[in-house]
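Everything on this sheet refers to the single structure shown next.
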Amino acid sequence: MDNDADAESDVCARCAKTSGTCCTLTPGQEEYCFPLSASERAGMESAGANAAHFFLQPNTDPFVDNLCRLFPGETGTIRELFPSGGAHDRLAISPEGVCMLLGQQGCFLPRAARPLYCRLFPFWIRTGRELYFEMDRCQAQKESGGGGAGLLLRMRMTSAGVRTMYHELRKAWGLPEQA
Ligand code: SF4
Ligand code: SF4
């Protein structure tokens, strides 16, 4: 099955009702939230997001260090893209740690207009290899018993689609193309 970028995965809707989704974080961890590029913000705004859904986050050392862990071997590029003293857009998060775009049925935005990191989660590519971030409350991981083909199926993704979206994210965030 091909990625269907506009199709909502029903497992994420179930997750919104039962598990709290990946759209929440522990209060105090907001600075670690992934960055939003100008193109991602524009896409979100054209789908109904407004200024209240964004927050201008300073490029703190913990944020940059975390990004460097996500992109091993690319520390120099990351530090150029997110220089000390600068700032980047991220999602606005409630005092309880919930993304302001999350509703009872899941994200208010259509899937195609969501941040690329949200669309890719829980998958990632590190040093050329597909992996997934383990999360206890991820309904898709609970139902698939972990990763592999079962997780891809529940997320309506394919390995090729994960790579395509990862490269789209790199491009949006300003990272150079990889072979
Ligand atoms: S933008 Fe949507 S998918 Fe992304 S964290 Fe917020 S509610 Fe979740
Ligand atoms: S990716 Fe996992 S944690 Fe995130 S909403 Fe979907 S099922 Fe829940």
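The values are calculated or read from the model by the stated rules, or taken from the named source; none is laboratory data. For clarity, every value in this text was computed on a predicted model and none was experimentally measured. Backbone-built Cβ (ideal geometry, glycine too); neighbour counts: all protein chains shown.
In region 25-46, the condition of being touching a Cys at 6+ places or on another chain (Cβ under 9 Å) and at pLDDT below 95 is met by at least one residue. In region 131-151, is there at least one residue being in contact with a strand residue (DSSP E or B) (Cβ under 7 Å, 6 or more places away or on another chain) and in a strand (DSSP E or B)? Yes: region 131-151 contains one or more residues that are in contact with a strand residue (DSSP E or B) (Cβ under 7 Å, 6 or more places away or on another chain) and in a strand (DSSP E or B). Return yes or no: is ARG119 within 14 Å of ligand 1 (Cβ to nearest atom) and either farther than 12 Å from THR21 by Cβ or surrounded by 15 or more Cβ atoms within 10 Å (Cβ to Cβ) (or both)? Taking the combined requirement at face value, the residue satisfies it. Return only the number of the condition from (1) in contact with a Cys (Cβ under 9 Å, 6 or more places away or on another chain); (2) free of Cβ contacts under 8 Å to residues at least 24 places away in the same chain; (3) not β-branched (Val, Ile, Thr) that GLU134 does not satisfy. All conditions are met except number (1). Consider region 115-130 and keep the residues that are more than 10 Å from ligand 2 (Cβ to nearest atom) and part of a loop (DSSP other than H, G, I, E, B). The one that is modelled with the lowest pLDDT is THR127.
Do the conditions hold for PRO62, that is, is it more than 16 Å from the chain's Cα centre (by Cα), of a type outside the set (A, V, I, L, M), within 14 Å of PRO35 (Cα to Cα) and surrounded by fewer than 20 Cβ atoms within 10 Å (Cβ to Cβ)? Yes.
Within region 60-68, the presence of a residue that is in contact (Cβ under 8 Å) with a residue 12 or more places away in the chain and within 16 Å of ligand 1 (Cβ to nearest atom) is excluded.
For region 6-61, the set of residues classified as within 24 Å of HIS88 (Cα to Cα) and of a type in the set (D, E, K, R) consists of GLU30, GLU31, GLU40, ARG41, GLU45, ASP61, listed by residue number.
In region 4-24, the residue that is farthest from ligand 2 (Cβ to nearest atom) out of those that are modelled with pLDDT of 80 or more and in a loop (DSSP other than H, G, I, E, B) is CYS23.
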